[in-house]
Amino acid sequence: MVKVITYGTYDLLHYGHIRLLERAKALGDYLIVGVTTDDFDKTRGKINVQQPLMERVESVKATGIADEIIIEEYEGQKIDDIRRYGVDIFTVGSDWEGKFDYLKEYCKVVYLERTQGISSTEVRSHQQELRLGLVGEFAMLNTVGQESSYVNGLSASSVYTEDSSRLSKQLKELITEKTYEGFLGDVDAVYIASRPEKHYEQVKQALEQGKHVLVESPVTLERTRCKELLELAEKKNRILMESIKTAYATAYSRLLLLIKSGKIGSVVSVDATCTSLREIGEDGMAEQSAWSSICEWGPVAMLPILQILGANYEEKRIVSHLIKSPADTVKFDAFTKIDFVYPEAVASLKVGKGVKSEGELIVSGTKGYVYVPAPWWKTDYFEIRYENPADNQRYFYQLDGEGLRYELVTFLKSIRMGKDMSYVDKEITAVIAGLISDFENGVDMKTIL
Ligand code: CTP
């Protein structure tokens, strides 16, 4: 039996792919198709691939041409596969002519003529570029502008700001002179990173004008207002996503899957700490531009707790050390600790901008624990530790754009498919807004001096 193998991305499966597969199959008796996981197009420096891996695998399967489908996950895998499956012929399209000659040592290499006039790139280019408007005053918008340039099909087209002092030169060039309403008329979707107390009005107006919204967490400072906005998005058939980039960082999302698969047994405790000192002066006052500790770090620290243990905690207690902010319009906490009690577990978070601590995440289970070193919210690495250190496992991942890049990709995909594909459940979004709301209103809260 002659075994043939071929590899490809097979995004938006087209006629060129099918012809290639047919001819590859005709070279022998058994065809193995390797679908690559890689969605980052190195030559173009963009995330180009539109369909998730499983959809691409399904499309190849649906052709009925492949006898076996495998996933290509790492560099150097082709040699392994050829040996493991006893492959006789390796084949790809002529656009790769010469590139795989090094495999001739292991099997026959055949380059098949590429079908003219069609490619995934061409199919993708017929889709319109999404115009993303950026709203707000914070430096994080510069990163959003930069990261959006890595996402194919999306471009930062306009900026609406009330204070441009922290914005980059590139973003300054995009600032509109128009009113917020006029600005909304020029874009398809918005990313909002203004002060949290402005979110409600800005999100509402954007949704009412039919725009999709990605808004820095917390969505609002008020539980009922957050619910109202989520309902409005649903009524208007628009995507409303809360931006917490950690949720999209590869290491973090893999960690959740490993915990859910029972690697550390039942989870009994989750402890998350996030601190940063830079925006508190010597006098202990917060800078004008600073977000309170709970607004800046609360949602990130709440994320693993709510995603691992769920949204239905039975009790919580907030302890805060409050200081003055020059604007004095917001309740400013230099430090806040929240303890949660669940029916079968506990959790705690510590956030601070006037207190420094080790920014680690520890998830304790009945068989072992997960340790994520500081700064855990942008980690590319974590460990699963057991009683016997010889059983410990270390996990490393690539961290592109601290998760923000994949968050933008998810936002774009959700808009294109008309279906919310956010990694943060709407129930969790509502609970986060609820917890911030309780802090604002002093519910279950104690202050320390
Ligand atoms: N292929 C082909 N004819 C085409 C397009 C692709 O024979 N018109 C072959 C490629 O040479 C490769 C396989 O199909 O062996 C999978 O190609 P892939 O890179 O997934 O698709 P492209 O359409 O080439 O994608 P892109 O435009 O992103 O490069």
Original post:
What are the residues in the range 84-98 that are within 11 Å of the ligand (Cβ to nearest atom) and not aromatic (Phe, Trp, Tyr), if any?
Top reply: 91, 92, 93, 94, 95, 97
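I'd like to know if the range 387-395 contains one or more residues that are among the aliphatic types (A, V, I, L, M) and either over 30 Å from residue 50 (Cβ atoms) or surrounded by fewer than 17 Cβ atoms within 10 Å (Cβ to Cβ) (or both).
The first filter runs over the range 387-395 and keeps only residues among the aliphatic types (A, V, I, L, M), leaving 390.
Narrowing the set further to residues that are either over 30 Å from residue 50 (Cβ atoms) or surrounded by fewer than 17 Cβ atoms within 10 Å (Cβ to Cβ) (or both) leaves 390.
Yes, the range 387-395 has at least one match.
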**OP:** Only residues in the range 11-37 that are under 12 Å from residue 119 (Cα atoms) and in a helix (DSSP H, G or I) count as the first member; pair them with residues that are more than 8 Å from the ligand (Cβ to nearest atom) and among the acidic types (Asp, Glu), Cβ under 9 angstrom, at least 6 apart or cross-chain, and list the lot.
**Re:** none
Original post:
Can residue 81 be described as at pLDDT below 95, in a helix (DSSP H, G or I) and within 16 Å of the ligand (Cβ to nearest atom)?
Top reply: no
**OP:** Check residue 357 against each of (1) touching a Phe, Trp or Tyr at 6+ places or on another chain (Cβ under 6 Å); (2) surrounded by fewer than 20 Cβ atoms within 10 Å (Cβ to Cβ) and name the one condition it does not meet.
**Re:** (1)
Original post:
residue 176 fails exactly one of the following numbered conditions: (1) of a type in the set (S, T, N, Q); (2) over 25 Å from the mean Cα position of the chain (by Cα); (3) modelled with pLDDT under 95. What is the number of that condition?
Top reply: (3)
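Looking at the range 262-278, can you tell me whether even one residue there is out of contact with any strand residue (DSSP E or B) (no Cβ under 9 Å at 6 or more places or on another chain), buried (at least 16 other Cβ atoms within 10 Å of the Cβ) and hydrophobic (A, V, I, L, M, F, W, C)?
To start, the set of residues in the range 262-278 that are out of contact with any strand residue (DSSP E or B) (no Cβ under 9 Å at 6 or more places or on another chain) comprises 278.
Subset that is buried (at least 16 other Cβ atoms within 10 Å of the Cβ): none.
The answer is no, given that none of the residues of the range 262-278 is out of contact with any strand residue (DSSP E or B) (no Cβ under 9 Å at 6 or more places or on another chain), buried (at least 16 other Cβ atoms within 10 Å of the Cβ) and hydrophobic (A, V, I, L, M, F, W, C).
Every residue, every condition in (1) free of Cβ contacts under 8 Å to residues at least 60 places away in the same chain; (2) closer than 20 Å to residue 433 by Cβ; (3) assigned to a loop (DSSP other than H, G, I, E, B), yes or no:
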| residue | (1), (2), (3) |
| --- | --- |
| 253 | no, no, no |
| 273 | no, no, no |
| 282 | yes, no, yes |
| 296 | yes, yes, no |
| 300 | no, yes, no |
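State yes or no: is residue 216 acidic (Asp, Glu), crowded, with 17+ Cβ neighbours inside 10 Å and at pLDDT 95 or above? Write out each step before concluding.
Details: acidic (Asp, Glu): yes; crowded, with 17+ Cβ neighbours inside 10 Å: yes; at pLDDT 95 or above: yes.
Answer is yes for this residue.
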**OP:** State yes or no: is residue 58 within 29 Å of residue 130 (Cβ to Cβ), of a type outside the set (S, T, N, Q) and more than 12 Å from the ligand (Cβ to nearest atom)?
**Re:** yes
**OP:** Quick one: in the range 6-50, of everything that is modelled with pLDDT under 80 and near the ligand (Cβ under 8 Å from one of its atoms), which residue is farthest from residue 77 (Cα to Cα)?
**Re:** 48
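Restrict the check to the range 118-128 and report whether at least one residue is farther than 28 Å from residue 11 by Cβ, in contact with a helix residue (DSSP H, G or I) (Cβ under 9 Å, 6 or more places away or on another chain) and of a type outside the set (S, T, N, Q).
Initial filter on the range 118-128 (farther than 28 Å from residue 11 by Cβ): none.
No, the range 118-128 has no match at all.
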Original post:
Of (1) surrounded by 17 or more Cβ atoms within 10 Å (Cβ to Cβ); (2) part of a loop (DSSP other than H, G, I, E, B), residue 166 satisfies all except one. Which?
Top reply: (1)
**OP:** Mind listing whichever residues of the range 139-163 are crowded, with 21+ Cβ neighbours inside 10 Å and either farther than 25 Å from residue 415 by Cα or among the aliphatic types (A, V, I, L, M) (or both)?
**Re:** 141, 144, 151, 154, 156, 159
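Can you name the residue in the range 405-449 that is acidic (Asp, Glu) and assigned to a helix (DSSP H, G or I) and is also surrounded by the most Cβ atoms within 10 Å (Cβ to Cβ) among such residues? Break it down stepwise before answering.
Let us first name the residues in the range 405-449 that are acidic (Asp, Glu), namely 407, 420, 425, 427, 438, 440, 444.
Filter once more, so that each one left must be assigned to a helix (DSSP H, G or I): 407, 427, 438, 440.
Values: 407: 28, 427: 13, 438: 17, 440: 19.
Among those that are acidic (Asp, Glu) and assigned to a helix (DSSP H, G or I), it is 407.
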**OP:** Report the residue count in the range 51-78 for those that are surrounded by 17 or more Cβ atoms within 10 Å (Cβ to Cβ), modelled with pLDDT under 95 and part of a strand (DSSP E or B).
**Re:** 1
Original post:
Can you find even one residue in the range 106-118 that is in contact with a Gly (Cβ under 8 Å, 6 or more places away or on another chain), in a loop (DSSP other than H, G, I, E, B), basic (Lys, Arg) and more than 23 Å from residue 208 (Cα to Cα)?
Top reply: yes
**OP:** Enumerate the pairs (first residue in the range 64-88 and under 13 Å from residue 25 (Cα atoms); second residue anywhere and among the acidic types (Asp, Glu) and surrounded by fewer than 16 Cβ atoms within 10 Å (Cβ to Cβ)) with beta-carbon separation below 8 Å, excluding pairs fewer than 6 apart on the same chain, so at least 6 apart or on different chains.
**Re:** 65/22
Original post:
When both residues are 6+ apart or on different chains and their Cβ atoms are under 9 Å apart, which pairs have a first residue that lies in the range 104-127 and is within 26 Å of residue 85 (Cβ to Cβ) and within 7 Å of the ligand (Cβ to nearest atom), and a second that is assigned to a strand (DSSP E or B) and among the aliphatic types (A, V, I, L, M)?
Top reply: 112/92
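Return yes when residue 402 is modelled with pLDDT of 95 or more and either within 27 Å of the chain's Cα centre (by Cα) or more than 29 Å from residue 189 (Cβ to Cβ) (or both) and no when it is not.
Numbers: modelled with pLDDT of 95 or more: no; either within 27 Å of the chain's Cα centre (by Cα) or more than 29 Å from residue 189 (Cβ to Cβ) (or both): yes.
Spelling it out, it is not the case that residue 402 is modelled with pLDDT of 95 or more and either within 27 Å of the chain's Cα centre (by Cα) or more than 29 Å from residue 189 (Cβ to Cβ) (or both).
The values are calculated or read from the model by the stated rules, or taken from the named source; none is laboratory data. This is a predicted model, so every value here is computed, not measured. Ideal geometry is used to build each Cβ from the backbone, glycine not excepted, and the neighbour counts take in all protein chains shown.
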